[in-house]
Amino acid sequence: MEYLVKSGSPEKQRVGCVIVGIFDRRKPSTQAEALDAASGGLIASVMRRGDMDGKLGQTTVLHGLGDLFCDRILLVGCGKERDFNTRAYQKACAAAAAELDAMGGVDAAFYLTELNVRGRDDFGWSVKQALLTIEDNFYRFEACKGPSYEKHSRKLSRLVFQVPRRSDLPAAERGVNEGVATANGVKFAKDLANMPGNICTPTYLADQATSLSDRMNGLKTQVLEEADMEALGMGALLGVSRGSSQPAKLIVMEYNNGTKSDKPTVLVGKGVTFDAGGISLKPGAAMDEMKYDMGGAASVFGAMQAAVEMNLPINVVGVIAATENLPDGDAYKPGDILTSMSGQTIEILNTDAEGRLALADALTYVERNYDPDAVVDMATLTGAAVIALGHEAAALYGNNSPLRRALRDAGDQVGDRAWPMPLWEEYQSDLDSNFADMANVGGRAGGSITAASFLHRFARKLRWAHLDIAGVAWKSGKEKGATGRPVSLLTQYLIDRTYQG
Ligand code: BES
Ligand code: MN
Ligand code: ZN
């Protein structure tokens, strides 16, 4: 799909489709009014017949437009004008995307970007948000369908985001550039996460990193094998991996496009390519969804790719702890004590709390090998995060408040939100062990917090934040599929860091 930006009136567009908004109570937007005037009241008559009231998310396609230059008009309900906020805008864009996905025309002029969104005053934002919402809706995972499957084909190949004035074009242009790179990163993350566990193994992820750095200039990949991890004393990550016949991989991607003295931002991802729970076996229901337990790793891939694609002048490192968690005769067991790379020992009380073990060694590796500006880890870490925040927000933790603030703001910018959670020392005693320096689980209470508190023990020397993305990385049910979150948040964070130095 080609995305462009232009300014110009809707009634003059020679395109397959012109997309304009209608507010609730049949109130045409300025752009719909212009089309109405040029067509001798066509839109007013459609509304009079009751086909479009302007309810949020409602859509109607008009054909046979007489004197107008365009082949179709897509009317999109935008809800009450005074309630037209970020959420309403996203909903309207999503409704438009669903129609565009099925429409016959090859090109379209998109005018929802000209509407005033409450609390937003930047057309760059409007364009980027529309682009991300549209690409999200267009996505399909078709890689594993058989030969008789008819792939979805979309006629639309060029979409023009309209802005009111020529002077708005630079901002809109920036919105397209950032939007396209972000959307490509989101798509990459979705593809990796949707890939089944028998294909997407730790080795597959390592191969993906190698081919990403072959594909993208300036990106270097290094893969640590189990022998390397052994030499480094990564007993926590290796403990998890013991139950699997697939070898674990520690994947390190470096993108050095800033100055030498520029401290890197390090992104760390949980890459458990399948989590059966190990000897503390999970129940069978929905266990297939544990192929998504590498969603954190997928988001590192997506954000790295986006940063390189935008040629951001910064230093970024991506670190992925990739392993499976399976039961086996040689698997680690409850009661086992593992020695982490940091030297801290861990009593295993539940082998299903494996993500924190893999991440612990990854964090120590980062501490020993880099002097980062900030370290952010992403992990589908706990079911408790889903209980706490549902599927709207990732749980956000960290030991540095400007970093937490920056991540939260970045998420707010791109509709990929994270919400702050406490990391108080009082929670640490939940991890007390009679036999080792700590246990790998606390009680049932505050499960996402104690998991974060566990990670904190390996990140004390770092400016560090942790996103528990268990509730947001994928959707269940009929819509089952990866979301690509939090690639947009991370990419926005990297963009913000570029401008703020
Ligand atoms: N990958 C899971 C977390 C998870 C479970 C995410 C369900 C999304 C949906 C993680 O490895 C895990 O199993 N966590 C345990 C921790 C518990 C044993 C302390 C959990 O959340 O149940
Ligand atoms: Mn688990
Ligand atoms: Zn897991």
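Scanning the range 467-478 for residues that are under 14 Å from the mean Cα position of the chain (by Cα) and either over 19 Å from residue 135 (Cβ atoms) or modelled with pLDDT under 95 (or both) gives 467, 468, 469, 470, 471.
Each row is one residue, and each column tells you yes or no for (1) surrounded by 15 or more Cβ atoms within 10 Å (Cβ to Cβ); (2) assigned by TED's automatic domain parsing to the domain that holds residue 113.
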{"position": "158", "(1), (2)": "yes, yes"}
{"position": "174", "(1), (2)": "yes, no"}
{"position": "190", "(1), (2)": "yes, no"}
{"position": "205", "(1), (2)": "yes, no"}
{"position": "214", "(1), (2)": "no, no"}
{"position": "218", "(1), (2)": "no, no"}
{"position": "225", "(1), (2)": "no, no"}
{"position": "231", "(1), (2)": "no, no"}
{"position": "234", "(1), (2)": "yes, no"}
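Annotation: residue 441 fulfils all but one of (1) within 16 Å of ligand 2 (Cβ to nearest atom); (2) touching a Phe, Trp or Tyr at 6+ places or on another chain (Cβ under 7 Å); the unmet one is (2). Kindly establish whether residue 293 is modelled with pLDDT of 95 or more, part of a helix (DSSP H, G or I), closer than 21 Å to residue 243 by Cα and within 12 Å of ligand 2 (Cβ to nearest atom). It is true that residue 293 is modelled with pLDDT of 95 or more, part of a helix (DSSP H, G or I), closer than 21 Å to residue 243 by Cα and within 12 Å of ligand 2 (Cβ to nearest atom).
Taking the range 325-345 as the range and being more than 27 Å from residue 200 (Cβ to Cβ) and under 32 Å from the mean Cα position of the chain (by Cα) as the test, only 342 passes.
Look at (1) away from ligand 3 (no atom under 16 Å from the Cβ); (2) farther than 30 Å from residue 129 by Cα; (3) assigned to a loop (DSSP other than H, G, I, E, B) and you find that residue 416 fails only one, number (2). Confirm whether residue 363 is away from ligand 1 (no atom under 15 Å from the Cβ), more than 10 Å from residue 235 (Cβ to Cβ) and under 24 Å from the mean Cα position of the chain (by Cα). Yes: the conditions hold for residue 363. Of the listed requirements (1) among the hydroxyl-bearing types (Ser, Thr, Tyr); (2) under 26 Å from residue 173 (Cα atoms); (3) touching a Leu at 6+ places or on another chain (Cβ under 9 Å), residue 39 misses just one: (2). Only a single item in (1) touching a residue at least 60 places away in the same chain (Cβ under 8 Å); (2) surrounded by fewer than 24 Cβ atoms within 10 Å (Cβ to Cβ) is not met by residue 278, and it is number (2).
To keep it simple, each residue is scored yes or no on (1) touching a residue at least 60 places away in the same chain (Cβ under 8 Å); (2) closer than 16 Å to residue 450 by Cα.
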position	(1), (2)
359	yes, yes
363	yes, no
389	yes, yes
392	yes, no
402	no, no
405	no, no
409	yes, no
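Can you confirm whether residue 290 is within 16 Å of ligand 1 (Cβ to nearest atom) and closer than 25 Å to residue 469 by Cβ? Yes; evaluated as a whole, the condition is true for this residue. Counting only strands (runs of 3 or more DSSP E) wholly contained in the range 1-115, the ones carrying 2 or more residues that are of a type in the set (Ser, Thr, Tyr) occupy 59-62.
Checking each residue in the range 286-324 for being within 16 Å of ligand 3 (Cβ to nearest atom) and surrounded by fewer than 24 Cβ atoms within 10 Å (Cβ to Cβ) picks out 286, 287, 288, 289, 290, 291.
A single entry from 72, 49, 118 fulfils the requirement of being modelled with pLDDT of 95 or more and either crowded, with 16+ Cβ neighbours inside 10 Å or touching a Gly at 6+ places or on another chain (Cβ under 9 Å) (or both): 72.
Screening residue 481 with (1) of a type outside the set (Lys, Arg); (2) surrounded by 24 or more Cβ atoms within 10 Å (Cβ to Cβ); (3) under 20 Å from the mean Cα position of the chain (by Cα) gives one miss only, at (2).
Of all residues in the range 453-484, those being over 30 Å from residue 439 (Cα atoms) and of a type outside the set (A, V, I, L, M) number 9. Does residue 476 qualify as being farther than 20 Å from residue 410 by Cβ and in contact with a helix residue (DSSP H, G or I) (Cβ under 6 Å, 6 or more places away or on another chain)? Here the answer is no, as residue 476 does not meet what is asked.
Identify the residue in the range 296-344 that is more than 15 Å from ligand 2 (Cβ to nearest atom) and among the polar types (S, T, N, Q) and, among all such residues, is farthest from residue 229 (Cα to Cα). Within the range 296-344, the match that is farthest from residue 229 (Cα to Cα) is 311. Pick from 221, 201, 210, 273: which is in contact with a Cys (Cβ under 7 Å, 6 or more places away or on another chain) and at pLDDT 95 or above? After applying the criteria, what remains is 273. If I ask for residues that are part of a loop (DSSP other than H, G, I, E, B) and within 16 Å of ligand 1 (Cβ to nearest atom), which ones from the range 255-287 would you list? Hits for the range 255-287 are 276, 277, 278, 279, 280, 281, 282, 283, 284, 285, 286. Determine, yes or no, whether residue 327 is surrounded by fewer than 22 Cβ atoms within 10 Å (Cβ to Cβ), within 22 Å of residue 382 (Cα to Cα), in the same structural domain as residue 359 (by TED's automatic domain parsing) and modelled with pLDDT of 95 or more. In short, yes.
Among strands (runs of 3 or more DSSP E) entirely within the range 336-396, having at least 3 residues that are surrounded by fewer than 24 Cβ atoms within 10 Å (Cβ to Cβ) and more than 13 Å from ligand 3 (Cβ to nearest atom) singles out 337-339.
The values are calculated or read from the model by the stated rules, or taken from the named source; none is laboratory data. These numbers come from a predicted model, not from an experiment. Methodologically, a virtual Cβ is constructed for each residue, glycine included, from the backbone with ideal geometry; neighbour enumeration extends over all protein chains shown.
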